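Worksheet: the structure to be examined is printed underneath.
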Amino acid sequence: MATYLENLTTARDNIAARLAEITAQPKPSYDVDGQRVEWNEYFRQLNEQLATLTTAINGAGVYEERSIGYS
């Protein structure tokens, strides 16, 4: 079973791959059967999700901080 960090990383990688796909062949916004498909909005949402996942991944990692105390 994948760990929390592995799941976040996989989700981030999937979104990055999707962004690469849609920017390689950009499409205009259009209407289909009364529904509007907004590619710019879709791109913006994917970017927001990517930023959120990147922040979560950076916060989920283990890190060490050294400090020196003086009195």
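Every read-out reported here was derived from the displayed coordinates using simple, explicitly stated rules and does not represent laboratory data. Everything quoted here is computed from the prediction, not taken from an experiment. As a convention, Cβ positions derive from the backbone with ideal geometry for all residues, glycine included, and neighbour counts pool all protein chains shown.
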query: What pairs come up if the first residue lies in the range 21-34 and is free of Cβ contacts under 8 Å to residues at least 60 places away in the same chain and farther than 13 Å from residue 46 by Cβ, the second is surrounded by 10 or more Cβ atoms within 10 Å (Cβ to Cβ) and polar (S, T, N, Q), and their beta carbons are under 7 Å apart, counting only those six or more places apart or on different chains?
result: 29/40
query: Can you name every residue in the range 35-61 that is in contact with a helix residue (DSSP H, G or I) (Cβ under 9 Å, 6 or more places away or on another chain) and either touching a residue at least 40 places away in the same chain (Cβ under 8 Å) or surrounded by fewer than 11 Cβ atoms within 10 Å (Cβ to Cβ) (or both)?
result: 53, 54, 56, 57, 60, 61
task: Could you please find all residues in the range 42-59 being over 12 Å from residue 8 (Cα atoms) and either of a type in the set (Phe, Trp, Tyr) or in contact with a Ser or Thr (Cβ under 8 Å, 6 or more places away or on another chain) (or both)?
output: 42, 43
Yes/no for residue 2 being on the phi < 0 side of the Ramachandran plot, in a helix (DSSP H, G or I) and among the small types (Gly, Ala, Ser): no
Residue list for the range 1-51, restricted to those being in contact with a strand residue (DSSP E or B) (Cβ under 8 Å, 6 or more places away or on another chain) and of a type in the set (Asp, Glu): 31
Number of positions in the range 22-71 that are assigned to a loop (DSSP other than H, G, I, E, B) and not polar (S, T, N, Q): 15
